[in-house]
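Input: a single structure, listed below in structure tokens.
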Amino acid sequence: MEHGVSRIGVVGAGQMGGGIAQVAAVSGFGAVVHDASAEALDRAKALHEKLLNRAVEKERMTRDEADAALARISYAPSLDGLAGCDWVVEAIVEDLAVKRELFGRLAQMFTDDRVALASNTSSISITALAAAANDAAPRVVGMHFFNPVPVMKLVEVIRGVQTADEIVARTVALAEAMGKTPLKANDRAGFVSNRVLMPMINEAFRAWMEGVAEPEAIDGIMTLGCNHPMGPLRLADFIGLDTCEHIMNVLHRELGEARFAPCPLLRQLVAAGRLGDKTGRGVYDHSKR
Ligand code: 3HC
């Protein structure tokens, strides 16, 4: 199946949206990133320049290739700037009401039934987002990238109840053209990645809370003994403790089992504002890094 895409619109210029736009541009696609925050757009642009300059220094691409990729990305302060894109990936805040509103607007803007409305959500139901897109519901699909997007190989492709087979097949083709490995999952809470990853992270918090071991030992055991690139508590800091708590809440609510309840210690650190790398402190102190 051909993906039939040349220009990808990305809504949200945070870490995930910025990464998706970068990967799209490096793979030869035009990319338009929209964010209502001018600072977020500036930060994304500066990071694109920094990462592609580094790629040149490391001889992973030539100066000309990096310049061409940068020239393929444009930054749009208004959603209308996405007009003319033939695929859209949403990567905004994980809030169902905010996303539903956006999918309603995207459905009005993009009436061509070749244009998919994809979501990078890690925990929100694709079926619920599709319902907000009315007639465009068959074009709504999950396209779940992983952080850091330029490095991580996987795209988890999520089929909502309404998603058309053709859109799923084109999502797979597009992810491959972006240099990723797509793997399909159905629309259940946490899909596969967070259904399996988050309870492991939550369990690491429980082990710490119960005094089984200190964080360094828990992480060391999982890196050295199980070959994880980061231990679960270090990974929680990297992802954001608030995001981990949010995903556990979704699993708990949707799957209805006590084993998915967020660990009290995780909840407490979030309440204390210790959210991980982004606030300088989570399980570990990152302020000096
Ligand atoms: N953006 C772009 N490139 C980055 C990067 C970033 N933010 N961070 C690291 N890199 C690149 C580096 O430039 C380097 O590239 P090079 O080898 O070509 O020079 C390469 O990644 C390795 O980086 P480092 O040598 O600095 O560090 P590590 O070898 O420790 O790797 C890591 C860093 C890739 C982050 C690794 O520790 C890792 O894989 N950690 C686990 C990440 C993970 O599990 N992510 C998934 C999170 S879950 C998620 O996203 C889903 C959501 O729904 C919650």
(request) Could you grab me the full set of residues in segment 103-132 that are within 16 Å of the ligand (Cβ to nearest atom) and either under 16 Å from THR163 (Cα atoms) or among the basic types (Lys, Arg) (or both)? (result) ALA118, SER119, ASN120, THR121, ILE124, SER125, ILE126, LEU129
(message) Residue pairs, Cβ under 9 Å, 6 or more apart or interchain, first in segment 35-51 and closer than 18 Å to ALA24 by Cβ and in the same structural domain as MET61 (by TED's automatic domain parsing), second among the acidic types (Asp, Glu) and crowded, with 18+ Cβ neighbours inside 10 Å. List them.
(response) LEU41/ASP35; ALA44/ASP35
(request) Residue by residue through segment 157-200, note down the ones that are within 15 Å of the ligand (Cβ to nearest atom), part of a loop (DSSP other than H, G, I, E, B) and surrounded by 18 or more Cβ atoms within 10 Å (Cβ to Cβ). (result) MET178, LYS180, ASP187, ALA189, GLY190, PHE191
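So that you can scan it fast, the table gives a plain yes or no per residue for (1) among the polar types (S, T, N, Q); (2) more than 16 Å from GLY12 (Cβ to Cβ); (3) touching a helix residue (DSSP H, G or I) at 6+ places or on another chain (Cβ under 7 Å); (4) not assigned by TED's automatic domain parsing to the domain that holds CYS244:
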residue	(1), (2), (3), (4)
ALA91	no, no, yes, yes
LEU96	no, no, yes, yes
LEU102	no, no, no, yes
LEU117	no, no, yes, yes
ASN120	yes, no, yes, yes
ALA131	no, yes, yes, yes
GLY142	no, no, yes, yes
(message) Looking at the structure I just gave you, is ASN194 in contact with a Pro (Cβ under 7 Å, 6 or more places away or on another chain) and closer than 20 Å to LEU275 by Cβ?
(response) no
(request) Those residues that are open to solvent by 40 Å² or more (accessible area, probe 1.4 Å) and either among the small types (Gly, Ala, Ser) or not assigned by TED's automatic domain parsing to the domain that holds PRO262 (or both), I need them from segment 218-235; list them, please. (result) GLY225
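The values are calculated or read from the model by the stated rules, or taken from the named source; none is laboratory data. The model shown is predicted, which means the values in this text are computed figures rather than measured ones. So basically every Cβ, Gly included, is an ideal-geometry build from the backbone, and we count neighbours across all protein chains shown. Surface accessibility is based on the protein's heavy atoms, side chains included, excluding ligands, DNA and RNA. Shrake-Rupley method; radii C 1.70, N 1.55, O 1.52, S 1.80 Å.
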